[in-house]
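First the structure, in the form of structure tokens, and then the observations on it.
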Amino acid sequence: MPKETLSIVVLISGSGSNLQALIDALAAQSINAEIKAVLSNKADAFGLERARKAGIPGLFIDHTAFSDRLGFDQAMINTIDPYHPDIIVLAGFMRILSNEFVDHYAGRLINIHPSLLPDFKGLNTHQRALDAGHKKHGASVHFVSNELDGGPVIAQIEVPVEEHDTAETLRLKVIKQEHIIYPRVIQWFAEHRLRLQGQHIYFDHKLLEKPLLLNSLPASQTV
């Protein structure tokens, strides 16, 4: 791999559909990056099988084997650091991270959340969007901070909330768009267009005043 190739470690807990979207983008050579390892806290996470099929090391650390969150997070750090990742990508990783873990990877830790942050932090975002009567829903990619789903937002992608929508139909709409936005943001990292300084995001060397808003147009027609 070229020296400038972005080095990635992905953390998962489940099926890994966003992981697969990233694997597919790398296979299409649309991103100059390499996934060094995929780490899960669930032994039966299907994402580990996706990783192995792609020739990527699939690693498992059982969080229940540790007496506290910090012990598990330190075990993850000890496993991740030898891969020297440029970024850590959370792709359905269903664990709250300790401050120590977040601080260790400050500026290199990103997550995708199924809502238009700051709306609907936490779980059950699709039903909550419906209950609130919102006409737009979507997904956000953000830097991870010590506040749950509270780090600076890099980019968002919207979907319309229609009269017939249920939490499940909305979830399917959103996940489809997640598979567009997450590889795009990682591409920006690979192109050295994106960085975090303090709590401020810089995109193409300019302060990002608000999250970049994407839609489902081809990459050539968007930022």
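The values are calculated or read from the model by the stated rules, or taken from the named source; none is laboratory data. Owing to the predicted nature of the structure, the values given are computational and were not obtained by experimental measurement. Cβ placement follows ideal geometry from the backbone for every residue including glycine, while neighbour counts extend to all protein chains displayed.
Is it fair to say residue 35 is β-branched (Val, Ile, Thr), under 23 Å from residue 101 (Cα atoms) and under 14 Å from the mean Cα position of the chain (by Cα)?
Against the criterion (β-branched (Val, Ile, Thr), under 23 Å from residue 101 (Cα atoms) and under 14 Å from the mean Cα position of the chain (by Cα)), residue 35 qualifies.
Which of the numbered conditions does residue 79 fail, given that it passes all the others? Conditions: (1) buried (at least 21 other Cβ atoms within 10 Å of the Cβ); (2) farther than 22 Å from residue 211 by Cβ.
It is condition (1) that residue 79 fails.
Would you kindly identify the strands (runs of 3 or more DSSP E) lying entirely within the stretch 75-189 that contain at least 2 residues that are in contact (Cβ under 8 Å) with a residue 24 or more places away in the chain and farther than 19 Å from residue 25 by Cβ?
Numbers: elements: 87-90, 109-113, 136-143, 153-160.
Per the criteria, 109-113, 136-143, 153-160.
Of (1) in contact with a Gly (Cβ under 9 Å, 6 or more places away or on another chain); (2) over 30 Å from residue 69 (Cα atoms), residue 180 satisfies all except one. Which?
(1)
Give the stretch 1-49 a look and list any residue that's of a type in the set (Gly, Ala, Ser), part of a loop (DSSP other than H, G, I, E, B) and closer than 22 Å to residue 79 by Cα, or say none.
13, 14, 15, 16, 43, 45
Has the stretch 196-216 got any residue that is closer than 28 Å to residue 85 by Cβ, under 14 Å from the mean Cα position of the chain (by Cα), modelled with pLDDT of 95 or more and aliphatic (A, V, I, L, M)?
Looking through the stretch 196-216, none of the residues is closer than 28 Å to residue 85 by Cβ, under 14 Å from the mean Cα position of the chain (by Cα), modelled with pLDDT of 95 or more and aliphatic (A, V, I, L, M).
Filter the stretch 102-128 for residues that are out of contact with any helix residue (DSSP H, G or I) (no Cβ under 9 Å at 6 or more places or on another chain), among the small types (Gly, Ala, Ser) and buried (at least 18 other Cβ atoms within 10 Å of the Cβ) and give the result.
none
Looking at this structure, is residue 48 more than 21 Å from residue 159 (Cβ to Cβ) and touching a Ser or Thr at 6+ places or on another chain (Cβ under 7 Å)?
Values: more than 21 Å from residue 159 (Cβ to Cβ): yes; touching a Ser or Thr at 6+ places or on another chain (Cβ under 7 Å): yes.
Judged against the criteria, residue 48 is a match.
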